[in-house]
1. Going by what's in this entry, would Asp212 be described as outside any helix (DSSP H, G or I), out of contact with any Leu (no Cβ under 8 Å at 6 or more places or on another chain) and on the phi > 0 side of the Ramachandran plot?
2. Filter the range 44-53 for residues that are touching a residue at least 40 places away in the same chain (Cβ under 8 Å) and out of contact with any Ser or Thr (no Cβ under 7 Å at 6 or more places or on another chain); which is nearest to Pro236 (Cα to Cα)?
3. Any chance you could count how many residues in the range 121-157 are touching a helix residue (DSSP H, G or I) at 6+ places or on another chain (Cβ under 8 Å), more than 22 Å from Glu38 (Cβ to Cβ), in contact (Cβ under 8 Å) with a residue 60 or more places away in the chain and not polar (S, T, N, Q)?
4. For the range 303-329, name all the residues that are touching a residue at least 40 places away in the same chain (Cβ under 8 Å) and crowded, with 19+ Cβ neighbours inside 10 Å.
5. Restricting attention to the range 265-292, report how many residues are surrounded by fewer than 21 Cβ atoms within 10 Å (Cβ to Cβ) and part of a strand (DSSP E or B).
6. Failed condition for Thr217, given (1) out of contact with any Ser or Thr (no Cβ under 9 Å at 6 or more places or on another chain); (2) in a strand (DSSP E or B), with all others met?
7. Can you tell me which residue among Arg332, Arg295, Arg300 is in contact (Cβ under 8 Å) with a residue 24 or more places away in the chain, surrounded by fewer than 23 Cβ atoms within 10 Å (Cβ to Cβ), charged (D, E, K, R) and in contact with a Phe, Trp or Tyr (Cβ under 8 Å, 6 or more places away or on another chain)?
8. If you check Gln34 against the conditions, is it farther than 30 Å from Met282 by Cβ and modelled with pLDDT of 95 or more?
Amino acid sequence: MATSFMSTSKSQNISEDAPHGNTIFIPTMLANKQTIPEQFFWPKSETVPATGILDAPKIDLQVVLTGDASSVKAQANALRAACETHGFFLVVNHGVDTQILNEALALSEQFFIMPLETKLKAMQKKNSMWGYSGAHSERFSANLPWKECLSFTSDGSIVEHLGSSLGKEFEPMGVVYEKYSGAMKNLTLSIMELLGLSLDTGKDYYRDFFQDCEYITRCNYYPRCPQPELTQGTGPHADPVALTILHQEEDEEGLEVFTGGKWQSVPPVPGALVVNIGDTFMAMTNDIYKSCVHRAVVNRHSNRRSIAFFVCPQRNKVIRAHDSLVGPDSKRLYSDFTWSQLEEFTQECRRYDDQTIKYFAERLLESSSSE
């Protein structure tokens, strides 16, 4: 069935990428309208404004690498307090080259303002995490997010992916995102060391486990919106992955976390990256550390950019809580599982909320009891 683009005067057909004949909406092409399509409307209960600023500690990774024992302990304690409450913290002096961070953000905006036909050449295929998506309307028909995304995965060369889908002239862009992803993977291992120290499992335990980790690098673009009070840039969700590292634009707020019974904002801090615990790492801590619901909001005055780096375990590694985190009753809250099993569950059920890991755990128990 043909697919029409409501945000342009011409109809364009890409039935292969819209199997149910869904209308694909492109937020950048709707930004100058007075109203937004109802497909972008979200329930009022999920658009309640934030009423505070999240108490997210600044973790100085340079102190962790070079500081004395008492300084490192103080950083680990601050990290643990945040992770036991909401799972969000900032990292500063993280060692990632500022030029790489700035160039990656700038190139993402250059991509998103390109002509529609160019972006569609990289459109995300069914059952794939790689490529371009306009408001996820190739997958959903309601509660659409007011954003566009471009995602890269650790499965293959980003340079080759961009060159084959968009043309050789895009290969330099691929080089930048390969450098960015490599830098974030190195940063991940440093963060894992500190998480190990904070949980008393040893600094090498999580670092070794995630040495061969997989990842998804996702560029997000949130155009200005004529009715921001009705929609969401990214709806309330919890990340199913192990860890997320977010690079926010320094002068545009948008990230909000639901904790303490209310939405709280996480303003950008120059030079800092935002890190949050995901469902997979929460399971690895036997729920000692929290994977918290969060969202991205939009505004009517300006565009916003961010890049999320999602850290996933190697697909077939067994995920289970460290013995020291189980407690005296030796009860694990989750049966052993792999990232590939959890990823398959989220794709099948399309769940990314605070109950995802709970229902997944129930599914695991049902499967093991029936064997």
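The values are calculated or read from the model by the stated rules, or taken from the named source; none is laboratory data. In this text, all values refer to a predicted model and were calculated from it rather than measured experimentally. Don't worry about glycine lacking a Cβ; one is built from the backbone with ideal geometry, like all the others, and counts go over all protein chains shown.
1. When the stated conditions are applied, Asp212 does not pass them.
2. Glu46
3. Of the residues in the range 121-157, 5 are touching a helix residue (DSSP H, G or I) at 6+ places or on another chain (Cβ under 8 Å), more than 22 Å from Glu38 (Cβ to Cβ), in contact (Cβ under 8 Å) with a residue 60 or more places away in the chain and not polar (S, T, N, Q).
4. Across the range 303-329, the qualifying residues are Asn303, Arg304, Arg305, Ser306, Ile307, Ala308, Phe309, Phe310, Val311, Cys312, Pro313.
5. 1
6. Against the list (1) out of contact with any Ser or Thr (no Cβ under 9 Å at 6 or more places or on another chain); (2) in a strand (DSSP E or B), Thr217 comes up short only on (1).
7. Exactly one residue qualifies, and that residue is Arg295.
8. Judged against the criteria, Gln34 is not a match.
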